[in-house]
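Written out below as structure tokens is the structure these notes cover.
The values are calculated or read from the model by the stated rules, or taken from the named source; none is laboratory data. Keep in mind the model is a prediction, meaning the values are calculated, not measured. Counting neighbours? That spans all protein chains shown, and the Cβs are built from the backbone with ideal geometry, glycine included.
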Ligand code: FPP
């Protein structure tokens, strides 16, 4: 994605001492960065606050992450906002999150317009509360012709369910005679996933120190570099994004082969 370097430099301004915009190679910015936003509850509890306050604070970090991603020139930023397992949380927290998704999306639509950001969702939206579902559809419709960064929210998303769904879609096409089983290959399988048409993430960031995939993008992360930071999601800033990209650029990606010398 095109980036406005003057705007990017102004956005970063004065750097804290350990990381600086000059520490990253702007010609090797990952195309798709994905984030498991973790640690909202612990961030709140550490301050003696209700867990839900952590989610509210997490929205501010997410807004900054979107702006940072646009400034850095990602093609895609995707985030894990709510998993198929998250329904097991206390009803009050689930209700708050669903409401927060809806209100935040409405509130941030001007930002998406201003930054030319196109929305996308991964997951089964049909099962969401009506209010949330309707707002998501509105967001999709209003940003459909934007040509800048894609911002994808995984909501009611689970990777195994996504893979089973893809298998079912392909089986239906075979059953209906639209497809022969022998035609199914990696690309065709990928075209039935929620991420169809998007590049796989090159970098996965997980906040709050956990080293798990938690049923997230199991297919798409096959060759992705992982970056885990101890920072809780509400404390994650544009500087943490630079640290993650810096770490990514110092990895040697071989995709199962050997490094060319
Ligand atoms: C993980 O922290 C966070 C979530 C399950 C929710 C993420 C949601 C937001 C950041 C709000 C985003 C808003 C929109 C519009 C997408 P946790 O609760 O698992 O924290 P813990 O591990 O410390 O308990």
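Annotations for the structure displayed:
- Within this structure, residue 123 fails the test of being within 13 Å of the ligand (Cβ to nearest atom), modelled with pLDDT of 95 or more, buried (at least 21 other Cβ atoms within 10 Å of the Cβ) and more than 18 Å from residue 37 (Cα to Cα).
- Any hit, the range 169-178, residues being exposed (fewer than 13 other Cβ atoms within 10 Å of the Cβ), away from the ligand (no atom under 16 Å from the Cβ) and in a helix (DSSP H, G or I): yes
- Residue ID - surrounded by the fewest Cβ atoms within 10 Å (Cβ to Cβ), chosen from residues in the range 226-242 that are more than 16 Å from the ligand (Cβ to nearest atom) and without any contact (Cβ under 8 Å) to a residue 40 or more places away in the chain: 226
- Which listed residue, of 58, 41, 54, 48, is without any contact (Cβ under 8 Å) to a residue 40 or more places away in the chain and near the ligand (Cβ under 7 Å from one of its atoms): 41
- Positions within the range 24-38 being in contact (Cβ under 8 Å) with a residue 60 or more places away in the chain, out of contact with any helix residue (DSSP H, G or I) (no Cβ under 6 Å at 6 or more places or on another chain) and assigned to a helix (DSSP H, G or I), in sequence order: none
Yes/no matrix, rows are residues, columns are (1) surrounded by 17 or more Cβ atoms within 10 Å (Cβ to Cβ); (2) under 28 Å from residue 71 (Cα atoms); (3) touching a strand residue (DSSP E or B) at 6+ places or on another chain (Cβ under 7 Å); (4) without any contact (Cβ under 8 Å) to a residue 24 or more places away in the chain:
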site: 181; (1), (2), (3), (4): no, no, no, yes
site: 191; (1), (2), (3), (4): no, no, no, yes
site: 204; (1), (2), (3), (4): yes, yes, yes, no
site: 210; (1), (2), (3), (4): no, yes, no, no
site: 216; (1), (2), (3), (4): yes, yes, yes, no
site: 244; (1), (2), (3), (4): yes, yes, yes, no
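- Restricted to the range 75-97, and to residues there that are in a loop (DSSP other than H, G, I, E, B) and touching a helix residue (DSSP H, G or I) at 6+ places or on another chain (Cβ under 9 Å), the residue that is nearest to the ligand (Cβ to nearest atom) is 89.
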